[in-house]
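The values are calculated or read from the model by the stated rules, or taken from the named source; none is laboratory data. Every value quoted in this text rests on a predicted model; they were computed, and no experiment measured them. Heads up, the Cβs are rebuilt from the backbone with ideal geometry, glycines too, and the neighbour counts pull from every protein chain shown. Calculation scope for accessible area: heavy atoms of the full protein, side chains included, ligands and nucleic acids excluded. Shrake-Rupley method; radii C 1.70, N 1.55, O 1.52, S 1.80 Å.
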Amino acid sequence: MNRVMSLLRQDFKLLLRNALFWVLTVALVLIVVTVWYLIPREQTGFETRLAVYGMEFPGGGVEIVASPGKVEQMVREKGVLGIVREDGALTVVHDGLSKQAVTAFVAQIMPPQTPLSPIQIERLREAPQPVPYNLRFVPIFIAFEAVIVGFFMAAILMLGERQEGVLEAYRVSPGGVVPYVASKSLLFAIVGTVYALLMAFATVGFVFNIWQFIILTVLGSLFYTLLGMCVAVFFEDISSWFLAVVPLWALNMLPMISFSVPTFSPPWIEWIPSYSALFAYDEILFPTGKSLLSVHSLLSVETIAAFFVCAALVKRRLLSARGCVS
Amino acid sequence: MIKVEGLYHDYVGKGEYAVSDVSFTIERGEIFGFLGPNGAGKSTVQNIMTGLLDLQKGSVMYDDLSVRDLTPSFFNRVGVSFEQPNVYLRLTGLENLEHFAGLFSVPTLDPMVLLERMGLRDEARKRAGEYSKGMRQRLTLARALINQPDILFLDEPTGGLDPSAAASMRDLILEQKERGATVFLTTHNMYLAEELCDRVAFLESGRIVAMDSPSNLKLKHGQHAVSVEYADHDGLASRTFELDNEGKQAFTDFIAQVEPLTIHSQEATLEQIFIKLTGRGLTQ
Ligand SMILES: Nc1ncnc2c1ncn2[C@@H]1O[C@H](COP(=O)(O)OP(=O)(O)O)[C@@H](O)[C@H]1O
Ligand SMILES: [Mg+2]
């Protein structure tokens, strides 16, 4: 444990003396500024207030959608009112209006000649307060900035050590593989959590489940740090490594599209860990009552597996005898 | 005891050996010198012994423990100084030592005391990136000493040092021996080897060509000579005679003819012996 603490202090100092770390920190500040000052609190311009399926509907703010399911989804996610016309029946889908309000609404919108087969009113579960437009992006920023710091910085520290030749000195010390991997993982679990909490506090405020947030961030940061090291061991220097991680990084960003455009959700995308992390942050910051147990347990399993893979790779490729000493 | 036997190493995998059939033993508490010109294979042998390079052929045993089976905790007893200084350039000298010391589970020396000893006290809080090559070399050596190792590997410890720093390095290595450490000293500096080593091995093109104590090597291979300084018409002149049969006769004849001012016996240096054995010098 002393060993890990000694390494941790060393890695922390090296991190503070690395220019890229400060670039990432400035990015964090810029993100908070963006959320507050550059993204409007209300989405302006065309905004859907009514989602309709199965009939024509004149007027502004109306979106005709392709399926009844989509109507429900929009009611749930955007807090609009929905109308489904199916087999002559008319269903009003809402997420928490009084019966009188709905009846008044129906009377208002229905042309007089509409054959009034019974109107069903389907009330979805209680919807939360609508999330201000600028804050909807916060989960994206946290999942793709704070959690990713370790992915890049651990690799950069590691490749720096490789280039300076100090790993040879480490290999002839009692240090060992596990403390080496553990100190870097721990460092970025801490740094990632501090970053993520600062971003959340500075944007959303303090009213969310902080413990769930911390668990998710620690696991996510650990996982991405370990993943970053797993990749970095295959490279000798920072420039060749960088070429290889940019595509990986882009791939990892794909779930962002699913988050903004719900129709983009190919089945494989859920396998990208940032996907579940992203939706879990959304749920923690703007709760709708979904359980996060499965996300947390899957991420735990992935993190433990990543630790073993990373330790094995570091031992094999970084810390054991080779045909030549670099 | 460290026992190295039948060591070969091929870097490229084409049957060209950087090191061939190298065998030697080092007794506990001994300073063992590995002497040879650049490219002879000295660092290769040290790196195989410390486990940095894999053991392709042959064996390296620490008492009954093979280098293949070393565990991290073994390195509590070992110190290694590298030919190329390798320290964290973004950490200060002091931080480099403090964090390295934190890896050991045996008592370690006070980093500041060690830095002072290395003449780095005033630079202790400067980043190693601002150090000269010689200062980094001294820091690398300080790091090797921090755990008071039983077994010390020193690869060209005087490389990049000025003569006075090299002299204090020599004292430092002797102190390690007095402390009871076993030292494997790799160098192409024959004076250092001559002064420090209990035994030396001459390495040339990856092979050991001679191995003994410096005095035995001189006895076996050295030619003894005398040099005579005498007064000439133009002032002071000198002449050297090798003490073989011919030379002895020439020397006595010469003495009878001139007015000798001084007569010195000359011992062969390790360098001369190396040249005699290999046909090449140590420094080229
Ligand atoms: N990484 C390497 N790859 C290929 N050849 C190497 C490597 N390192 C050393 N050599 C070769 O091995 C031989 C011995 O080198 P080395 O052990 O460094 O010698 P010394 O330490 O005595 O100067 C040299 O011919 C050198 O060119
Ligand atoms: Mg060498």
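Numbers below:
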quantity: Residue list for the range B:1-16, filter: of a type outside the set (A, V, I, L, M), within 16 Å of ligand 2 (Cβ to nearest atom) and touching a Gly at 6+ places or on another chain (Cβ under 7 Å); calculated: B:Tyr11
quantity: Residue list for the range A:283-297, restricted to those being surrounded by 14 or more Cβ atoms within 10 Å (Cβ to Cβ) and in a helix (DSSP H, G or I); calculated: A:Glu283, A:Ile284, A:Leu285, A:Val295, A:His296
quantity: Filtered residue count, the range B:70-88, keeping only those that are of a type in the set (D, E, K, R) and more than 15 Å from the chain's Cα centre (by Cα); calculated: 1
quantity: Members of the range A:229-248 found to be touching a residue at least 24 places away in the same chain (Cβ under 8 Å) and in a helix (DSSP H, G or I), listed by number; calculated: A:Met229, A:Cys230, A:Val231, A:Ala232, A:Ile238, A:Trp241, A:Val245
quantity: Candidates B:Leu103, B:Leu97 - the one that is within 10 Å of chain A (Cβ to nearest Cβ) and open to solvent by less than 10 Å² (accessible area, probe 1.4 Å); calculated: B:Leu103
quantity: Members of the range B:61-75 that are buried (at least 17 other Cβ atoms within 10 Å of the Cβ) and either at the interface with chain A (Cβ under 9 Å from one of its Cβ atoms) or more than 20 Å from A:Ala169 (Cα to Cα) (or both); calculated: B:Val67, B:Pro72, B:Phe75
quantity: Single residue of the range B:34-51 satisfying the filter (hydroxyl-bearing (Ser, Thr, Tyr) and within 16 Å of B:Pro157 (Cβ to Cβ)) that is nearest to ligand 2 (Cβ to nearest atom); calculated: B:Ser43
quantity: Long-range neighbours under 9 Å by Cβ, at least six apart or interchain, first residue within 17 Å of A:Gln73 (Cβ to Cβ) within the range A:263-274, second among the aliphatic types (A, V, I, L, M) and surrounded by fewer than 13 Cβ atoms within 10 Å (Cβ to Cβ); calculated: none
quantity: Criterion (within 8 Å of chain A (Cβ to nearest Cβ), within 16 Å of ligand 1 (Cβ to nearest atom), in contact (Cβ under 8 Å) with a residue 40 or more places away in the chain and assigned to a loop (DSSP other than H, G, I, E, B)) met by exactly one of B:Asn86, B:Asn38; calculated: B:Asn86
quantity: Hits in the range B:229-284 (condition: of a type in the set (Gly, Ala, Ser) and under 30 Å from B:Ala40 (Cβ atoms)); calculated: B:Ala268, B:Gly279, B:Gly281
quantity: Residue identified as hydroxyl-bearing (Ser, Thr, Tyr) and not in a helix (DSSP H, G or I) among A:Thr263, A:Thr303; calculated: A:Thr263
quantity: Boolean, A:Arg3 is under 27 Å from A:Ile142 (Cβ atoms) and of a type in the set (Lys, Arg); calculated: no
quantity: Unique match (being closer than 30 Å to A:Gly165 by Cα and either at pLDDT 90 or above or open to solvent by 40 Å² or more (accessible area, probe 1.4 Å) (or both)) among A:Leu243, A:Leu198; calculated: A:Leu243
quantity: Extreme residue, farthest from the other protein chains (Cβ to nearest Cβ), among residues of the range A:158-172 that are within 34 Å of the chain's Cα centre (by Cα) and charged (D, E, K, R); calculated: A:Arg162
quantity: Residue list for the range B:52-97, restricted to those being among the small types (Gly, Ala, Ser) and more than 14 Å from ligand 2 (Cβ to nearest atom); calculated: B:Gly58, B:Ser59, B:Ser66, B:Ser73, B:Gly79, B:Gly93
quantity: Answer residue from the range A:2-33, given it is small (Gly, Ala, Ser) and either more than 9 Å from chain B (Cβ to nearest Cβ) or open to solvent by 70 Å² or more (accessible area, probe 1.4 Å) (or both) and is farthest from the chain's Cα centre (by Cα) among those; calculated: A:Ala19
quantity: Residue within the range A:88-105 that is under 26 Å from A:Ile140 (Cα atoms), open to solvent by less than 60 Å² (accessible area, probe 1.4 Å) and β-branched (Val, Ile, Thr) present; calculated: no
quantity: For B:Ala144: the one exception among (1) open to solvent by 40 Å² or more (accessible area, probe 1.4 Å); (2) closer than 22 Å to B:Val183 by Cβ; (3) touching a residue at least 40 places away in the same chain (Cβ under 8 Å); calculated: (1)
quantity: Conditions (1) on the phi < 0 side of the Ramachandran plot; (2) within 13 Å of chain A (Cβ to nearest Cβ): number failed by B:Gly51; calculated: (1)
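A quick yes/no check of all residues on (1) open to solvent by 40 Å² or more (accessible area, probe 1.4 Å); (2) under 30 Å from B:Glu175 (Cβ atoms):
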position: B:Asn189; (1), (2): yes, yes
position: B:Met211; (1), (2): yes, yes
position: B:Leu217; (1), (2): no, yes
position: B:Glu246; (1), (2): yes, no
position: B:Thr252; (1), (2): yes, no
position: B:His264; (1), (2): yes, no
position: B:Lys276; (1), (2): yes, no
